[in-house]
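Worksheet: one structure, shown below.
Throughout, read-outs are computed from the coordinates displayed, never taken from laboratory work. These numbers come from a predicted model, not from an experiment. Virtual Cβ from ideal backbone geometry, glycine too; neighbours counted across all protein chains shown.
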Amino acid sequence: MTGPADTLFDLAARGVPFALIARDDASVEVLTGDVVDVELLADIPLADAAGAPREVLALVPYRQVRERGFACHDDDAPLRCLVVDEHTALPRDAVLAALPTAPVPLTDAGFDLSDEDYAEIVRDVITNEIGRGEGANFVIRRDFVAGVDADPVTAAFTWFRALLEHERGAYWTFLVVTPGHIAVGASPEAHVSAQDGIVTMNPISGTFRHPAGGATVETLSEFLESTKETEELFMVVDEELKMMSAVCSDGGRITGPHLKEMSRLTHTEYMLRGTSRLDPRDILRETMFAPTVTGSPMQNACTVIARHEREPRGYYSGVAALFTPRTDDVLPGEPTHDLDAPILIRTAYLVDGRLRVPVGATLVRHSDPYGEVGETHGKAAGVLGAIGAIPRDAAAEAARDEIDEDAPAPVSRKLADDPGVAALLMSRNARLADFWLNPQDPGESGPFAGRSALVIDAEDRFTTMLAHQLRHLGLDARIVPWDAASDEDIDDAELVVAGPGPGDPRDETSARIRRMREIVARRRASGRPLLAVCLSHQILADGLGVGLGPLDAPHQGLQKTVDVFGQPASIGFYNTFTARVAPGTTRVDGAELSTDAAGDVYALRGAGFASVQGHLESILSRDGMTTLERLITHALTPVGA
């Protein structure tokens with residue numbers, strides 16, 4: 001009988017492709033098989049020539065965003081599939097004992113971008129991207145690189161062992177060895193999973209870098225009280241709910257927040273769950289990729305990344321996707337495989353004797369450039385310290401485990417168990433919309449049952465959340481991209497909902513902005529029901545003669561309580577530009593205005609139309625559903641009624 005040491009030695013000696021995956025505290029899964037590179041997610045070979053389902057581990061590179069028409073630096077990184085012939089499990093402790101421990105020396109180690117160069121990119125993104133309405137947040141990466149003279153598989157085994165022993169809180173700890181490429185990491189974040197029709201996403205954001213000696217209740221509480229860190233998490237939850245609403249019939253429900261406690265970092269996270277009958281490859285395609293490693297809105301985030309990152313991403317921010325045949329009785333029309341797909345972050349890549357550890361920071365409107373530099377150092381140190389490439393914080397490791405004399409093993413102390421920390425976490429939900437926190441009833445009996453809406457997507461998939469809310473209100477809602485919406489579509493729709501999108505509403509060089517202007521003008525001229533949101537609200541206001549201009553500070557991920565035609569409404573805002581009138585102005589060109597004391601226009605309504613600057617579909621819009629129903633009721637009311 002062979003033991004773990006023999007198994008691992010045999011894998012290395014034979015030079016076969018393999019993967020090691022630790023998803024629990026008891027075992028390490030060993031996957032072996034043949035490697036197949038494919039072009040598209042739909043080509044992932046989930047069945048053999050006879051149609052029998054088979055297991056596949058796919059490494060999905062960032063360049064796959066091209067499948068959705070998004071921009072990227074294309075490095076030809078393959079969509080690599082390990083078609084599994086054998087899948088076994090070994091005891092974790094035995095694997096640890098079998099793996100090498102000798103340190104792997106690094107040479108010429110350091111970041112590919114200097115701290116000052118990265119800080120300058122942060123300033124540029126804040127000023128020229130977020131400050132010009134291109135989006136709410138963006139993740140820009142830099143790479144820690146070094147030379148490795150050791151045998152690559154031996155080095156990878158060593159690092160995998162170190163991660164198993166010293167990192168905690170990982171969703172997957174893994175090692176994947178394929179021809180010419182090795183990846184070893186401890187990803188904290190499950191991007192998407194699908195099991196028995198239940199889809200789960202796990203948005204993680206907000207990074208607390210542990211001080212020397214480890215985190216304490218006091219230092220963690222200060223982090224949890226940070227407005228920046230809280231809003232950063234809310235923004236990525238909004239972005240992932242866009243994806244959930246695209247793949248789940250029930251839109252997705254939020255649970256949490258929770259802490260993700262790791263060796264050198266602690267993150268905050270939510271869980272999102274919904275139901276779907278889609279093929280898992282389609283689920284993966286519609287959720288490429290996590291906003292926590294790209295930004296929002298997703299499509300424009302990819303464009304911004306291409307403008308500011310100097311090199312292709314490779315597999316950073318992609319996923320490792322394990323497709324496992326279902327063992328239950330699969331009914332016709334149901335997916336044949338379950339999906340488990342962590343994000344490829346906190347991962348070291350070894351190719352041609354060079355180690356690469358990509359790390360990124362989430363840049364928002366109030367980011368401090370040198371604070372974001374520090375975040376990349378902290379994230380790189382989390383990986384490098386865990387694999388033993390830099391000294392570990394021995395004091396923190398000692399403080400992390402508390403020995404109970406009567407217990408056979410160390411008892412882990414979790415800061416999340418502290419009542420004060422738990423209260424700080426849960427207090428965040430008081431700011432969120434009940435609609436996304438509670439189970440959602442079907443909308444067939446909603447107030448607009450039997451009516452329909454055409455939603456125009458202007459490259460912000462908030463439209464998927466908006467369409468879900470419309471269906472909850474009883475409307476039959478259909479989404480059409482701005483460049484696929486014909487004049488006939490616009491004329492025939494019972495209700496047109498002109499959606500949000502990035503950019504300057506005054507930009508006449510943008511084909512998207514020009515078309516949205518045409519759509520809003522055509523629909524308003526027809527006198528037929530129109531609801532305009534955010535960017536489209538600004539366009540509608542401009543058509544009424546209201547001036548447009550940038551805000552002094554962008555409202556990206558900002559929650560405000562504003563007056564909407566006599567009723568206060570708590571709404572989430574994601575805008576850099578605003579419609580503005582002279583203070584005190586209440587009407588213009590036959591339209592009624594809701595404004596603040598400065599004259600910023602939050603809502604419009606007139607004969608057959610209504611609009612709103614905020615995002616009623618956002619988790620930040622506590623009064624989103626009631627306000628949405630009010631505005632739709634007005635738009636659908638016949639002129640003169």
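Look at the dipole of the range 4-402 built from charges on Cβ: of 100, 278, 337, the Cα furthest out on the positive end belongs to 278. If you take all other residues with their beta carbon under 13 Å from the beta carbon of residue 245, and give Lys and Arg +1 and Asp and Glu -1, the sum is -3.
Counting Lys and Arg as +1 and Asp and Glu as -1 over every other residue whose Cβ lies under 12 Å from the Cβ of residue 327, the net charge comes to -4. Amide H contacts for residue 199 (H built 1.01 Å from N in the peptide plane; partners 5 or more residues away or on another chain; cut-off under 5 Å): 274, 275, 276. Counting only DSSP beta bridges whose two residues both lie in the range 434-636, roughly 60 percent are antiparallel.
Using just its DSSP H runs of length 4 or more, each adding -39500 (n - 2.57), the chain gives a mean residue ellipticity at 222 nm of -9000 deg cm²/dmol after division by all residues. Going Cα to Cα from residue 560, which lysines come in below 30 Å? Please leave out same-chain ones fewer than 8 positions away. Reachable lysines: 228, 242, 260. Normalised by the number of residues in the range 64-182, the mean separation of alpha-carbon contacts (under 8 Å, six or more apart) gives a relative contact order of 29 percent.
Counting charges near residue 312 (Lys, Arg +1; Asp, Glu -1) among other residues having Cβ under 10 Å from its Cβ returns a value of -2.
Hydrophobic long helices, here whole DSSP H runs in the chain with Kyte-Doolittle means of at least -1.0 and Cα atoms spread over 24 Å or more along the helix axis, are found at 227-247, 369-386.
Please report the antiparallel percentage of DSSP beta bridges with both residues in the chain, rounded to the nearest 5. The antiparallel fraction comes to roughly 90 percent.
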